[in-house]
Every structure is written in C-alpha cells, then in structure tokens.
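The values are calculated or read from the model by the stated rules, or taken from the named source; none is laboratory data. Here the structure is a predicted model, which means the values were calculated and not measured. Cβ sites come from the backbone with ideal geometry, for glycine too, and all protein chains shown count toward neighbours. What goes into the accessible areas is simple: the full protein's heavy atoms, side chains included, and nothing from ligands, DNA or RNA. Shrake-Rupley method; radii C 1.70, N 1.55, O 1.52, S 1.80 Å.
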Amino acid sequence: MFKLSRKFSHYLQSMGIFPWKCALIFSFTTLHVDLVHAQEKDPDEATAITSFNELWNPAQVDADKARLIRLEGQVLYYDPSWAMLWVHDGELGGYIDYASDELDLRAGDRIELLARTIPNQISTDGTEIEITVKSPGTLPEAAPITESQLYDSALNNQRVQLEGWAQTVEQIDNHLQLQVIVGSEQIEVTISREANEPFPLLEKTLIQIDGVFTNVERIQDGQTPIKMFLSGMNHLRVIHDSLDHLFDAGSVSISDLLSGEIQGRAIVEGQVTSHDPGSSLTLKDVTGEITVPIWQFGNKTLNSTIQLSVLVEKSDNRIRFKDCVYRDYLVDQVGLQSRPWEQPVLRLDEVSQLCSSQNKSPILMRAIGVVTATDYSGASDMFFLQDNTKGIQIDASEGKGLLTDASWVEVLLEIEEGSHLPKIPKLKTILRKSPGLFPEPIAVSSRTMALGTFQDQFVEIMGLVTHYTKLGDSVAELQIQDSTGILKCRVNEAPEAFKAIWLESLCRVRGVCRRVSDVQGNNNSPELLVADSSQIYIERPPSEFPFASNLSRIKDVRDGLKFTFGQRSVVQGIVTYIANSGDFYLADPSGAIHVTLKGEDAPEVGSSLKVSGFPGRQRKTNGARTCSEGTRR
C-alpha cells in the first residue's frame, strides 16, 4: 500500500506504525504540486478531506475516487536529518512520511497540507503533495501522563509529558537516544539536537520530558513499543541529577519489608544471590531474602554487597515493591568495603586545591566532568577531566581503557598522603558515564601555552603543520608553527593517510595543554594532547605552487618585513655554511638566513639556490627568523 522511500523507513516500521493501526503515513516522491491544477481536477472543495479522522475512516464518502486532501494543522515534531514529521490537526496527530528533502519547517509551525487519496485505499497519492507554512507558532502544552496511561491508544501521536529515570544514553550524530524507566515500564526516547547543542550527564538521573508519544502495537509480534520524540534539549529537564535522594529513607531488615508493616520508601543492605540485569534482583540478609524488579543493567557479582532502595506499596493485603534501585559498595584490594556515595561531590578547582596541599591520610571525593583526553601509552595511564571551573589530570591506572574522550563521567578519586606537591589524584572507580561533548576550547598560542596558564585545559591553537612523525599504530606527532613559536601535538587515532592532508596546511587543532618531560625528567615542555583526527580542522590546504610568491630579499624575510604568517616566502642566494643536521645558511647581498629543508639532501657550499618556505622564529632567545620546511630548486 505504501512506498517507503525514506532512508529511515525501516526505523518507523519497527515502531509498528501502520494505517490500520491509527498511524498515518504519507509517502511521497515529490514536494511539488500546482494548486490551481489540483483544484481543476476537483472543483468541488466541499468534498475535500480536512482531518486525519476523516481520512482514516474506512467508510469515507467516494472512497473509490481520488479525493482532495486539504488539511491544516500544527507541526508537533520535525527532524530534517532523519526525515521525520508529526502534525496535529486540532483533534488527532498523524505521522507524515516524506521524501528526504529538507523542508523549511519548525516545531510549532502551522501548515497546510495538500494531497490526494489513492482510490480504495486509506493513503495518499505520493505524486501530488504540498506543504505550506501558514504561520510560525509555539508548541501546545504537553499533557502530563503516568505509568497507568502508557498503553492508552488515545494518546498515540499526541504531545505528552512524562517523568522517569534515564537508564542508558547513546549518541547518534545529532541525536540522543535514551532508555527511560517510568515506574516498571521502559520507553525509548529520541531527542533531535542542534549541532553541538550541549547536554548534561543523564545516566541515572530523574528527568521530565515532553514530546510526541507513540504506542502502536506491532503486527508481526503483538508487542507495543513505547516511544517519545523530543524537538531539542529544551524539552528535557533534570529533576534529580543522581540516585542519592532515593537513599535518604531509613534502613530496615528484609524481614521488616516482608512483614507488611512498612509502607513508603525503605533501605535494605545485603548480599546479591541472583541478578537478571534489567529485570530482577534477589537480595538476602541475616533475616531473610527478597526478589525485587530492577531496571539497572549492571551485572552484579554474586555475594557482592549492595544497598537497595525500595518503594513499598500495600493493597488488598498484598505487598508490592516498586521503583527499586541499588548502589554498590567499593571493595579495595584487601577486601575492605567502603561507601563511595558518602564522599562529597567536589568541583574540579576544589580537587586541584587539595592536590596542592599536604595531607596525612588519603582523601576520597567524587567529581563530575567531561573527559577531554586520554593517554594509555605511557608508564602511567592517565586521562583529563574538565568541568566549568578547571581541568585536571587523573591517574587512570585502575581504569585503563574504560573511559572514552568527550564522555560525561562521575568518578571516585583518591588523593594519597605525602609531601610531594602537586599530587595527581587517582581513579578509584567510575560511578556513572554517558556520552557528552568536548567543552568550548580556549584560543591560545604556543607562547601562552608555554607559560602554563592553561595547564590541563581544553584549548585550540591555529598554526601551520610543519612536521609529521608516526609514533605508533594510529598515533602521530605533529609540529605546529604559529606566529609566536613551535608546538608539538600528540594525536591519537591519526592514520598515516592524514600526513599528506595535514602537512603544510594551516589548521586549527583542539586538545589538552599538558607538560611532558624526557626520559631523564628534563625538558618539561608544553604539548597538546589531541583525542583524534576529528579535532584537527583545515583552514587552508597546502599550496600547489610553492614558488608562486614574489622573490624577497633575505634581510626582509629574516627581519620580518616581508613576513605573513602561514604564507610562503621565496628567497634566492648562495649556500655559505652546512650544519651536521643538514640545515644550512643561505646568503644574498642583503644578509643570511637559516634554512631547514624538508626531506631533501643538503646542498653544496657555494651552490646557488632559490628556496620557498615558511618563515618562523629560531628556538633561541635572539628570536631571529628561519626559513623552515624549505623547498629548493
């Protein structure tokens, strides 16, 4: 009946949206129609279909004819990148499957939809359809609903508001997909975001969401997946940013829970005897054993100790356990247990201050931030964490490979005792993690990085890529030259194929400013640690004609009179001296300049050369200019 031309048609089919199940699918291959021509084919406007209800009516008048559809409504949800559109006609909502061409629509717009039915079918002729924006508008208020209403078919394709716990978070291009627990039910939530629209740490948070709701039964298996679609992060509100408030109730024994004398929320502690992640968990203490429904997916080790929060309801002499969540004890290397949730959550500037002070015993704390870089290649594995106050370096030897760049995390950290300052906090365990975004970088130069002001911060530098060195599998070192000096960048996930793309390009490079030392612990110099090749943006590719610039006097280039950062200069002269490194001095009647050749054999003393290269400052205090990465002929 339908021609699903859209690239995500399989996604909507998985939702079970079929015309005979009260879901409207318009499938069309063009968005053009001559309105006058349409009226000529059906001059009687009185017979036009003007609502979803009339269109879906199997007993509609003149069903054997191609009837005109002239429907006005409001856009409830529009996602141009996944080609998804919901419209509400004032009474009912309907899903419209359209070609992948981007439309000039916004959620809240009032539109007119013009199309034709296919004779003897509850569908439209995809060859003639038009969507016209009548006026901008705002979305209607979402109707609050609860768990008991999730399977109410009258709510299908309507805007609703729900509260639930975000269980998992996945980032797919500009979309977030969340699994959200509402009571004992799980729903899938898709959020269409603007590019680089920020979002907080969402795992294990209580959220309020409003968007388009679908609950259509699938024909193939009889299941009813419940889904919601949100037009942006402004339709999500975090009510509680952790599970902690669920554990404010008093502690009781398991026998107390089973006695029927307790109602409301209660806390029990015990050992796990069985666990079906996302389904159920069995806990025992010295007084008894209970099995409760659980939505958390983490696989619990048998006999591990946990703290369990349970909402107890009693009706008709039956006890029901709802909204059950657990949190873990931390077990150290010698088997001692501790409660990480009892540690304070500190800002990273507060953690940094503790790292710069002496303490006679270890200090534990929790911290939340975005992972800006990881380095698992050295003698001590580490990662960098940043919030809106500071960036810090963290020893990740106990969590190697568990953290990924640009992810939100809540971690338990330990600052060891001792007098050596500053100290590097150690990762004890990861409490929560979900996808995130890199923070907005601070624009710096190689000179300001050397001052140490932006140590451990996420920064951006713009400069010329003058060297590429392969350090290992998919790891490279770039040398960036800007107007103030030269900086080394260590780039993870940088295949050698990028060498030809980056060399001699003017690039913006984003990463974490850190200081590195040689094997002897000397030469504590700045370095930019870059997550991967996606953090390198080419502003200007290399020139195809290196000798296209006008010839300049060597003195003018050396003294900066004929110097434009990132652009080649061409000089000509006689080779007067060759160093052991292969670098040489080139002189003309105005003066001499130091030249570094790129992958070429050194010339002979006395030879006449024309050299094209990028002027830069020598790594000496006199600041004299050199001609780096020169090309001769």
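Over the range 439-552, with every protein chain in place, what whole percent of the accessible area is carbon and sulfur at 1.4 Å, could you tell me? Don't skip to the end; give the middle numbers.
Numbers: 2740 of 5570 Å².
Ligands and nucleic acids excluded, carbon and sulfur reach 49 percent.
Percent relative contact order of the range 229-285, based on C-alpha pairs within less than 8 angstrom and at least six residues apart?
Dividing the mean separation by the residue count of the range 229-285 yields 26 percent.
For the pair residue 501 and residue 286, what calculated FRET efficiency results from E = 1/(1 + (r/R0)^6), where r is the Cβ-Cβ distance and R0 = 51 Å, to the nearest 0.05?
Once the sixth-power term is evaluated, E becomes 0.20.
With a cut-off of at most 13 other beta carbons within 10 Å, and DSSP calling the residue loop, which GluC sites (Glu not before Pro) in the range 241-308 qualify? Please list them. Numbers along the way, then the final one.
On the way: sites: 261, 269, 289; in loops: 261.
Those satisfying the criteria are 261.
Once Rh is set to the Kirkwood radius over Cα pairs, what Stokes-Einstein translational diffusion coefficient, in µm²/s, holds for the range 259-394 at a temperature of 4 °C and a viscosity of 1.567 mPa s?
In µm²/s, the coefficient is 71.
Could you rank the peptides 310-318, 202-210 by their average count of other C-beta atoms within 10 Å per residue, with the highest value first?
Taking the mean over residues of other Cβ atoms within 10 Å, the ranking is 202-210, 310-318.
How large is ³J(HN,Hα), in whole Hz, for each residue of the range 576-592 in order, when computed from phi with the Karplus curve 6.51 cos²θ - 1.76 cosθ + 1.60 and θ = phi - 60°, using x for Gly and Pro?
Result, ordered by residue: 9, 7, 10, 7, 4, 6, x, 5, 8, 10, 10, 10, 10, x, 8, x, 10 Hz.
Using Cα pairs closer than 8 Å and at least 6 residues apart in sequence, work out the relative contact order for the range 127-258, in percent.
Contact order relative to length: 23 percent.
Taking 0.36 nm per residue of sequence separation and subtracting the Cα-Cα distance, how much length would be gained by fully extending the chain between residue 234 and residue 471, in nm to one decimal?
That pair, residue 234 and residue 471, stretches by 81.0 nm at full extension.
Determine the per residue accessible area of the range 211-329 with all protein chains present and a 1.4 angstrom probe, expressed in square angstrom.
Ligands and nucleic acids excluded, the figure is 47 Å² per residue.
Using a 1.4 Å probe on the protein chains only, how many percent of the accessible area of the range 381-437 belongs to carbon and sulfur?
Reported share for carbon and sulfur atoms: 49 percent.
Can you give the extra length, in nm with one decimal, that the chain gains between residue 135 and residue 112 once fully stretched, where that is 0.36 nm per residue apart less the Cα-Cα distance?
Difference between extended and current length: 7.3 nm.
How much accessible area per residue does the range 141-182 have, in Å², with a 1.4 Å probe?
Heavy-atom SASA per residue in the range 141-182 reads 44 Å².
How large, in percent, is the carbon and sulfur part of the accessible surface of the range 120-220 at a probe radius of 1.4 Å?
Details: 1940 of 4390 Å².
Result for the range 120-220: 44 percent of the exposed heavy-atom area is carbon or sulfur.
Sort the following peptides by mean Cβ neighbour count (other Cβ atoms within 10 Å, averaged over residues), highest first: 448-457, 88-97.
On the way: 448-457: 17.3, 88-97: 19.9.
The peptides rank, most packed first, as 88-97, 448-457.
Can you work out ³J(HN,Hα) from phi for every residue in the range 69-76, in order, using Karplus 6.51 cos²θ - 1.76 cosθ + 1.60 and θ = phi - 60°, giving whole Hz and x for Gly and Pro?
10, 10, 10, 9, x, 10, 6, 8
Taking N as the number of residues in the range 101-193, what is its Cα Rg relative to 2.2 N^0.38 Å? Mind showing how you got there, number by number?
On the way: Rg = 17.5 Å, N = 93, 2.2 N^0.38 = 12.3 Å.
Ratio of Rg to 2.2 N^0.38 Å for the range 101-193: 1.42.
Around residue 205, which amide H atoms from residues at least 5 apart in sequence, or from another chain, sit under 5 Å from its own amide H, with H modelled in the peptide plane?
166
Under 5 Å between amide hydrogens, which residues at least 5 positions from residue 69 or on another chain qualify, with H placed 1.01 Å from N in the peptide plane?
49, 115, 116, 117
Please tell me which of these pairs span more than 31 angstrom C-alpha to C-alpha: 65/227; 227/390; 204/499; 390/488; 300/322; 204/488?
Beyond 31 Å: 65/227; 227/390; 204/499; 204/488.
Give a residue-ordered list of calculated ³J(HN,Hα) values for the range 287-299 (Karplus: 6.51 cos²θ - 1.76 cosθ + 1.60, θ = phi - 60°; whole Hz; x for Gly, Pro).
Rounded to whole hertz, the list is 9, x, 9, 9, 10, 10, x, 9, 9, 6, 8, x, 7.
With a 1.4 Å probe and every protein chain left in place, work out the accessible area per residue of the range 370-453 in Å², rounded to a whole number.
44
Can you list the residues, at least 5 places off or on another chain, whose amide H is less than 5 Å from the amide H of residue 325, using H built in the peptide plane?
Those lying under 5 Å, H to H, from residue 325 are 309.
Sort all Cα-Cα distances of the range 204-252 into consecutive 5 angstrom bins from zero, then give the percent of pairs in each bin up to the one containing the longest distance.
Bins of 5 Å from zero give 5, 16, 15, 14, 14, 13, 11, 8, 3, 1 percent of pairs.
Could you work out how much longer the chain between residue 578 and residue 602 gets when fully extended? Use 0.36 nm per residue separation minus the Cα distance between them, nm to one decimal.
Full extension from residue 578 to residue 602 adds 7.9 nm.
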